[in-house]
Amino acid sequence: MSGNETGWVRASAVDDLPSEGAKLFRHLDKRIALFRTPQGVFAADNRCPHQGYALVQGDIKEGVLTCAWHNWKFELATGACTFGGENMRTYPVEIRAGEVWLDVTDPAAEEITPHLFASLLEAIGEVDIGRMGRDTMRLQRVGVPLSEVVREGIRYGAPRAEYGWNHSLATLTDCMGLASLLEGSLQTLPVLQGLSVVSETEVRRPFRPRPEPIDPVAIYGSIEAGLRAYPRLVDEERVEDAEALLRGLIAVGAAPADIRHALLVAITDHFLSYGHALIYCMKAFELLEQIGWHEADTVLGPLAPHQTLSTRYDRLPYMARFLRTWRAADLDLADLLRRPQTAAFDEASFARALLDESPENTFAALRRALEAGVPVMRIIDATTRAASERFGRFDIDIDVDDTNEWGWLDVTHTLTYVNALRWAWSVDPSPEVLRGLFHAVWFVQWCQQLDARTAATSPAPFVTSDAGALPDAVRRRDPDAAVAIARGYNGPMDALDAALAQIATEDEHTSPIMIAHSVKVSRAAIGEVKAMGTGEREPIAAAARFLASPKRQRFVFNATLEAVAFVQGRARGDLT
Ligand code: FES
């Protein structure tokens, strides 16, 4: 039986308690420590709120209980913690005719929930992962859905995120999605991982100043004109104006689909932030589906500064060849979309162009497919397969070469970007979103330079119905085995998804950015397989290879190399 038992129960005869000592009392699922002191008898939850060791083994001095394990201290009468991080629960005690009676009534859910949320918020603000976990479990126990726990994390992180949406908010959103693939209390694992990333990223940051919403009708003449103005403001890098308008559009009740379209137009005007702008937009809308549109101002508002301040990758030299071809072609995308999308698809030559050929050929392959009338979703499927193949070809040794600025994280964006593009196309099949598909295919092609020079033999499927073999291979850091298992697994897909969700949120990595990518890639892979059909395994195999690869979290070492080069006047790329 779990909580909510009510009333007074007899716990012990006073004389059975050691004088100035303690005794354990068991009642249903409760373990209660009874303490006899000169000031009277006291009762508290036997589990120390720090790490759960038995308080019955603690020491008492002048009404203060000290836990034997790590010295946290609590006032016996109130449970207040005087050294440590959390109060202990106490129970009302009455002595009736030499017997100790306890009131074991659990507080009503409505009474305790606000305290638990306040405690959770405090724990997030102190990066106290243990307490975050306990409060999350306590909230679940009183019937609070995990989506509300996630909402609390977003409410903490979103206003603090310095330049708007970032990895921490995206990770928490993804973690909520991964939690839904798990069962029972294991669902807490991804949520806790997501909360810890938000907490570690945003801790002690001040609130980001936000511009007040403007009235789009007063300023632009109509909601429609305001929606059209948003991408322009992003393009002109007018950070405050863009956010004020976005908040204003939400405040006046512009339709969510119209707001989403305005955001997508702004995003695909350029290849913003290496694809992150599109990925974050998807996550933001996914999050709102879970926690409700009434949080739109909190959730969508921070997209504006991220989009406005994002690097325009189409202005970087390494996209130039592709963009020259794009500009010269001057495609009428709206016209392309008016054609019936029913044609058969030569996927092999499309894939060859993306995987082995030039930016120009990649552009031409996509153009040919669209002009022939291949359904856009089939092209997206093929791009996902090519991105998965890119994962398979990635030269793992690059990741241990500190003089190379590229690595696994770059390759991962091919799959996560195309996954976001699939979402965008499914909700908004417009010419502007189609523009993003050109960025996707270029990206898969461009990562060719990170392929291993000598092609390794691709691991053959290892037939098994044991989904647990996949996380085992990841824990052993055996990428070939992980890929082989993902390919050969023949049990229920739900179990494989759950296995991937679990291993992606275990502590295989420690830095928030690595956790963010593990989570993001796994979520995208699961989503891609669901969209393409369960016979498809390559996105899962790709994620498995990424998760299992030994990776160097080389941020401090790399920063040191860069700093040395900087003071010596050497440019990036000359790090030795
Ligand atoms: S378990 Fe009590 S102080 Fe650590």
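The values are calculated or read from the model by the stated rules, or taken from the named source; none is laboratory data. Because the structure is a prediction, the values reported are computed rather than measured. Here the Cβ positions follow ideal geometry from the backbone for every residue, glycine too, while neighbour counts run over all protein chains shown.
Annotations for the structure displayed:
- Residue within region 408-425 that is more than 21 Å from LYS520 (Cα to Cα), in contact with a Lys or Arg (Cβ under 9 Å, 6 or more places away or on another chain) and among the β-branched types (Val, Ile, Thr) present: no
- Those residues of region 49-70 which are surrounded by fewer than 16 Cβ atoms within 10 Å (Cβ to Cβ) and either within 6 Å of the ligand (Cβ to nearest atom) or of a type in the set (Gly, Ala, Ser) (or both), in sequence order: GLN51, GLY52, ALA68, TRP69, HIS70
- Helices (runs of 4 or more DSSP H) (entirely within region 302-386) containing at least 1 residues that are hydroxyl-bearing (Ser, Thr, Tyr), more than 32 Å from the chain's Cα centre (by Cα) and surrounded by fewer than 22 Cβ atoms within 10 Å (Cβ to Cβ): 320-329, 347-356
- Candidate set: region 71-93, residues that are among the charged types (D, E, K, R) and over 13 Å from ALA33 (Cβ atoms); chosen: the one farthest from the ligand (Cβ to nearest atom): GLU75
- The residue list GLU75, GLU86 contains one member that is among the charged types (D, E, K, R) and at pLDDT below 95, which is GLU86.
- In region 135-238, counting only helices (runs of 4 or more DSSP H) that sit wholly within it, none holds 3 or more residues that are charged (D, E, K, R), in contact with a helix residue (DSSP H, G or I) (Cβ under 7 Å, 6 or more places away or on another chain) and under 22 Å from ALA257 (Cβ atoms).
- Filter pass, ALA277 being aliphatic (A, V, I, L, M), touching a Ser or Thr at 6+ places or on another chain (Cβ under 6 Å), within 23 Å of THR171 (Cβ to Cβ) and surrounded by 19 or more Cβ atoms within 10 Å (Cβ to Cβ): yes
- Residue check for ARG36: without any contact (Cβ under 8 Å) to a residue 60 or more places away in the chain and within 16 Å of the ligand (Cβ to nearest atom): no
- Checklist (1) over 18 Å from ARG138 (Cα atoms); (2) of a type in the set (S, T, N, Q); (3) touching a residue at least 40 places away in the same chain (Cβ under 8 Å) applied to THR105, failing item: (1)
- Scanning region 141-150 turns up one or more residues that are surrounded by fewer than 19 Cβ atoms within 10 Å (Cβ to Cβ), at positive phi and modelled with pLDDT under 95.
- Within region 41-66, residues that are more than 14 Å from GLY84 (Cβ to Cβ) reach partners that are within 13 Å of the ligand (Cβ to nearest atom) and assigned to a strand (DSSP E or B) with beta carbons closer than 6 Å, at six or more positions or on different chains, in the pairs ASN46/ALA33; ASN46/ALA54; VAL56/ALA33; ASP59/THR66.
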